[in-house]
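Q: The following block contains the structure, expressed as structure tokens.
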Amino acid sequence: MSEKTNILYLCVLVAISDYKLQNEETHKIIKISKELKIDFNVHNAFEEIQNKFREDFDAACNFYLNNITTPEYRQLAKKYLKEVAMVDNDLKDREVRFLVLCKKAWGRESFD
């Protein structure tokens, strides 16, 4: 799985971090997938995450985070994750927690 695809899975995770996948978030992820030139189905990714990780949100986050290794893609992921988190103009606690997990996994320099 490419780093770009892992970014999209992380976007799905941040979207569902508040326990629901909203239309605005889905549309934003589709827009991001077009920018990345990746054929990506948000709902299929959601199902795959649910089946693979069940209720272990942290394990899912860590799996996709660890598959993004280059600073360039980490910066791109950070940008897109923030966009998805803020698409509804309401940054929730679980979305903040998700971004903190990213910072811990990639180091502070990825978030400065």
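The values are calculated or read from the model by the stated rules, or taken from the named source; none is laboratory data. Keep in mind that this is a model prediction, so the values were computed, not measured. With ideal geometry, Cβ positions are generated from the backbone for all residues, glycine too; neighbour counts draw on all protein chains shown. Heavy atoms of the whole protein, side chains included, go into the accessibility calculation; ligands, DNA and RNA do not. Shrake-Rupley method; radii C 1.70, N 1.55, O 1.52, S 1.80 Å.
Q: At each listed q (0.21, 0.24 Å⁻¹), what is the log10 of I(q)/I(0) that the Debye formula gives for the chain modelled as equal alpha-carbon point scatterers?
A: With one equal scatterer per Cα and no solvent, log10 I(q)/I(0) is -1.19, -1.62.
Q: By how many nm would the segment from Met1 to Ile30 grow when fully extended, if each residue of separation counts as 0.36 nm and the alpha-carbon distance is taken off? Don't skip to the end; give the middle numbers.
A: Details: separation 29, 0.36 × 29 = 10.44 nm, distance 1.78 nm.
That pair, Met1 and Ile30, stretches by 8.7 nm at full extension.
Q: Would you calculate, for the chain, the mean residue ellipticity at 222 nm contributed by helices, counting each DSSP H stretch of 4 or more residues as -39,500 (n - 2.57) and dividing by all residues, to the nearest 500?
A: So the helix-based figure for the chain works out to -22000 deg cm²/dmol.
Q: Using a 1.4 Å probe and counting only protein heavy atoms, arrange Met1, Met86 so the residue with the most accessible area comes first.
A: The ordering from most to least exposed comes out as Met1, Met86.
Q: Indicate the gyration tensor shape class of the stretch 52-99 (rounded, prolate or oblate), computed on the Cα atoms with a ≥ b ≥ c the square roots of the eigenvalues: a/c under 1.5 is rounded; otherwise a/b larger than b/c is prolate and the rest oblate.
A: Oblate, since a/c reaches 1.5 and b/c is not below a/b.
Q: Round to the nearest 10 and report in Å² the accessible area of Arg97, as given by a 1.4 Å probe over the protein chains' heavy atoms.
A: We get 100 Å² for Arg97.
Q: How large is ³J(HN,Hα) for each residue in the stretch 76-93, as worked out from phi by the Karplus curve 6.51 cos²θ - 1.76 cosθ + 1.60 (θ = phi - 60°), to whole Hz, x for Gly and Pro?
A: For the stretch 76-93, the Karplus curve yields 5, 4, 4, 4, 5, 4, 5, 4, 5, 4, 9, 4, 9, 6, 8, 7, 8, 4 Hz.
Q: Assuming a ≥ b ≥ c are the square roots of the Cα gyration tensor eigenvalues, decide whether the stretch 20-77 counts as rounded (a/c under 1.5), prolate (otherwise, with a/b larger than b/c) or oblate.
A: Taking the square roots of the gyration eigenvalues as a ≥ b ≥ c, the stretch 20-77 is oblate.
Q: For the residue pair Asp58 and Gln22, what label-to-label distance in nm results when each label sits 7 Å from Cα along the Cα-to-beta-carbon direction?
A: Taking the two extended label points, one gets 2.7 nm.
Q: Given the pairs Lys31/Lys104; Lys37/Lys103; Lys34/Lys92; Lys37/Lys79; Lys37/Lys92, which are separated by over 24 angstrom at their Cα positions?
A: Lys31/Lys104; Lys37/Lys103; Lys34/Lys92; Lys37/Lys92
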